[in-house]
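The values are calculated or read from the model by the stated rules, or taken from the named source; none is laboratory data. Since we're looking at a predicted model, the values are computed, not measured. Quick reminder, even Gly has a Cβ in these numbers, built from the backbone with ideal geometry, and neighbours come from all protein chains shown. Each accessible area value is taken on the protein alone, full model and side chains, heavy atoms only, with ligands, DNA and RNA left out. Shrake-Rupley method; radii C 1.70, N 1.55, O 1.52, S 1.80 Å.
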Amino acid sequence: MSLPFILFFVFAIVAVVGAILLIVAREPIHSALSLIMVMVALAALYLLLGAEFIAAVQIIVYAGAIMVLFVFVIMLLNAGVEERTNWSKIAKYAGLPLGIFLLFELAHWLARSAIGARIANGSEGTNGAVSTRALSEMLFQKYLFPFEATSILILIAILGALVLAKRDE
Amino acid sequence: MEFIAQHPVLVASLVKIAILMAVLMTILAYLSWFERKIIAHIQSRWGPYYVGAHGLLQPLADGIKFLFKEDLTPPASDKFVYTLAPFLALTLAITTLALIPFGPATVWIFGHETHLVVANVDIGLLFLFAITSLGVYGVALAGWSSNSKYSLLGGLRSSAQMISYEVSLTLSVVGVLLLAGTFNFNELVTSQQGYYLHFIPRWRIVPQFIGFLCYFTSAIAETNRAPFDLPEGEQELVGGFHTEYSSFKFAMFFMAEYANMVTVSCLATILFLGGWLSPFPDRWTAMQYLPAASLLALAVYLAYDTFAQMRGIARIQLAVVTALAAVLGLLCLLPAVMPVIQGPFWFTFKMGLLLFFYVWTRSTLPRLRYDQLMSFGWKLLLPVSLLNLVVTALWIVFPQLVNHG
């Protein structure tokens, strides 16, 4: 058992526990905190894969910016405790087995896929530490058009939200 | 011993962390003394004076007081988050300092080659921003979990302010990154070596002066310090987000604030002021006696103070400090220590200068109104730092275009 191997399981468990807490927690702030936990654990997993830049950006963008806004809005609206409903019959008898089935299906196909084989063989695969320079060359030269197109798409979404918010004035 | 031989990196890191924590805790404690003393003198007062000579034992007294006060938890609060918040604030504030290099990349200590940094990360700056961007949670969660109107308002103000100023803080640094072409702190410093006209150091503050101003202004706002300390504006909000906190939990917020100030000053030193580099050219060899000389000068002044001004127990206390300064000064003269101490000396000197600026602004400028704060951040600081970025980018690209065209 090497150190990265142990660390992988530690952070994987943290991520899964966080994800379960996110659904189970009744206080919105607790859900938000669990989500932050998941994101930080994911960043640590990226770090273990040698993707330093993605790990840092994951924390800066998701945990540091988006989730701060979530927490901010929850605090601003003073959102109350969630109310529980009884499980609907469909969710109980169809949803739960189907969900578990999907989980096994994913695990099965991942294990048989090329990526799964590579992980099982223990070769370093696609991940030798990617330098930030190489990443920027990919983003701003090879994939410049999709990158810019996505940016404009997000800008349009922001403008749309502004228009919708300002309509009643 | 076998374990040490097998894991040299691990042991070296643990030793460095221990030293860093010890030094940092002392600095955090004495920063409060430094601040109170300077503000007092600016306002024609004496400041702390009675606990120890020149109030030098005041931080210790404060610490003991914090430890022995009753630790209250409001019954209506969210207990878990209420306890988590100060820990989050302090841990995140201290973690960032592991990335800061206090001296050159390689120094020799007792025949071992080592770095004067705990973790030399390739994308150090991004990691630092990643950790500091989480710092908001400490304040926001403290405000929310206290279940008090004042705390909630303080927490809300603080999150809004930190989100707003983080944008211009990050943007003002990008200019430096463009010029240096790296995220690594060591390379960021070494890229500032050399001199303009043979005597002006090639520090980034010269081409990036506007960037430096934007950085430092938004850094003051990021750390919730005056004149941007609305989250704890006592006239309106009692104590802001930490109204309900008492005892050591309150002290933890206090320490986190000071640790953030130290981090921000360290970062400014590295990015704009040439980090551990000496401002004097290497050919001025006499300058390497400066650390020893300044400490010995301090010892001489303190010795005068001890015998001419102090009476009774204060005289003994100050004599101890004098002896300490003298011994440290003589230690700096040792040939083994002298080359090692140069980097940390200049780093600490620049950092101390920036911390002084922090305190100076606090005692000079009145607090901003909330709408002024927001319009200042979004309508002035952000456009200026963006413009700085655009001009820097053009400055770099333009010669290339001319050469190719």
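Given axes a ≥ b ≥ c from the Cα gyration tensor, I'd like to know whether region B:173-270 is rounded (a/c under 1.5), prolate (a/b larger than b/c) or oblate.
prolate
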On the accessible surface of chain B, probed at 1.4 Å, how many percent belong to carbon and sulfur atoms? 73
Report the calculated FRET efficiency for A:Ser2 and A:Ala114 (r = Cβ-Cβ distance, R0 = 22 Å), to the nearest 0.05. 0.40
For chain B, with a Gaussian network of springs between Cα atoms less than 10 Å apart, report the residue from B:Met25, B:Met261, B:Met252 with the top mean-square fluctuation. B:Met25
With a 1.4 Å probe on protein heavy atoms only, tell me which residues of region B:150-184 lose at least 30 Å² of accessible surface in the complex relative to the chain by itself. B:Leu152, B:Leu156, B:Ile163
So how much slack lies between B:Ala61 and B:Trp284, counting 0.36 nm per residue of separation and subtracting their Cα-Cα distance, in nm? 75.9 nm
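State, in square angstrom and to the nearest 100, the accessible area buried between chains A and B, both chains counted, probe radius 1.4 Å. Before the final figure, lay out each step's value.
Details: alone 13530 and 21140 Å², together 32600 Å².
Buried area between the two chains comes out at roughly 2100 Å².
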For B:Tyr195, list long-range residues whose amide hydrogen, built 1.01 Å from N in the peptide plane, is under 5 Å from its own amide hydrogen. B:Arg202
Hey, if you put +1 on the Cβ of every Lys and Arg and -1 on every Asp and Glu Cβ in region B:64-156, which of B:Ala130, B:Thr95, B:Leu141 ends up farthest toward the positive end of that dipole? B:Leu141
Which of the trypsin sites (Lys or Arg not before Pro) found in region B:25-67 are in a DSSP loop and have at most 15 neighbouring Cβ atoms, other than their own, within 10 Å? B:Arg45
For region B:281-333, rounded, prolate or oblate, judged on the Cα gyration tensor with a ≥ b ≥ c (square roots of eigenvalues), a/c < 1.5 rounded, else prolate if a/b > b/c? prolate
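Accessible area per residue of region B:281-333 at 1.4 Å probe, in Å²? Don't jump to the answer; show the numbers that get you there.
Values: 3420 Å² over 53 residues.
For region B:281-333, the solvent-accessible area averages 65 Å² per residue.
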Order A:Phe104, B:Phe127, B:Phe347 by their accessible area, 1.4 angstrom probe, all chains in place, largest first. A:Phe104, B:Phe127, B:Phe347
Over chain B, with a Gaussian network built from C-alpha contacts below 10 Å, which listed residue (B:Ser247, B:Ser265, B:Ser146) shows the highest mean-square fluctuation? B:Ser247
Pick out which of B:Ala142, B:Ala219, B:Ala314 has the largest mean-square fluctuation in a Gaussian network model of chain B, springs linking Cα atoms closer than 10 Å. B:Ala314
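If you rank B:Trp395, B:Trp276 by how much accessible surface each has, with a 1.4 Å probe, what is the order from largest down? List each step's numbers first, then the result.
Values: B:Trp395 190, B:Trp276 20 Å².
Result of the area sort, largest leading: B:Trp395, B:Trp276.
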How do A:Val40, B:Val238 rank by accessible surface area computed with a 1.4 Å probe, from largest to smallest? B:Val238, A:Val40
DSSP H segments from chain A that extend 20 Å or more along their own axis, Cα-based, with Kyte-Doolittle mean of 1.6 or above: A:3-24, A:28-48, A:144-166
With n ≥ 4 as the cut-off for DSSP H runs, can you work out [θ] at 222 nm for chain A, using -39500 (n - 2.57) per run divided by the number of residues, rounded to the nearest 500? -22000 deg cm²/dmol
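Net charge near B:Ile39: determine it from the other residues with C-beta under 12 Å of the C-beta of B:Ile39, scoring Lys and Arg +1 and Asp and Glu -1.
Values: positive: B:Arg36, B:Lys37, B:Arg45, B:Arg362; negative: B:Glu35.
Net local charge, B:Ile39 excluded: +3.
Relative contact order (percent) for region B:281-333, with alpha-carbon contacts under 8 angstrom and 6 or more residues of separation? Could you put the intermediate results ahead of the total?
On the way: 37 pairs, mean separation 27.3, N = 53.
Reported relative contact order: 52 percent.
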For chain A, what does the relative contact order come out to in percent, with C-alpha contacts under 8 Å and a separation of six or more? 19
Rounded to the nearest 10 Å², the 1.4 Å probe accessible area of A:Ile23 is 130
Please tell me the relative contact order of chain B in percent, rounded to the nearest whole number, where contacts are Cα pairs under 8 Å and at least six residues apart. 21
What is the protein assembly as shown by shape, rounded, prolate or oblate, if you read a ≥ b ≥ c off the alpha carbon gyration tensor as root eigenvalues and call it rounded for a/c under 1.5, prolate for a/b larger than b/c, and oblate otherwise? prolate
Residue by residue through region B:179-195, which ³J(HN,Hα) values in whole Hz follow from phi under the Karplus form 6.51 cos²θ - 1.76 cosθ + 1.60 (θ = phi - 60°), with glycine and proline marked x? 5, 8, x, 7, 9, 7, 4, 4, 5, 4, 6, 5, 6, 9, 5, x, 9
For chain A, with the dipole built from +1 on Lys and Arg beta-carbon atoms and -1 on Asp and Glu ones, taken about the Cα centre, which of A:Val17, A:Met37, A:Ile158 lies farthest toward the positive end? A:Val17
For B:Lys249, list the lysines whose Cα falls under 18 Å from its own Cα; do not include residues on the same chain fewer than 8 positions away. B:Lys65, B:Lys69, B:Lys79
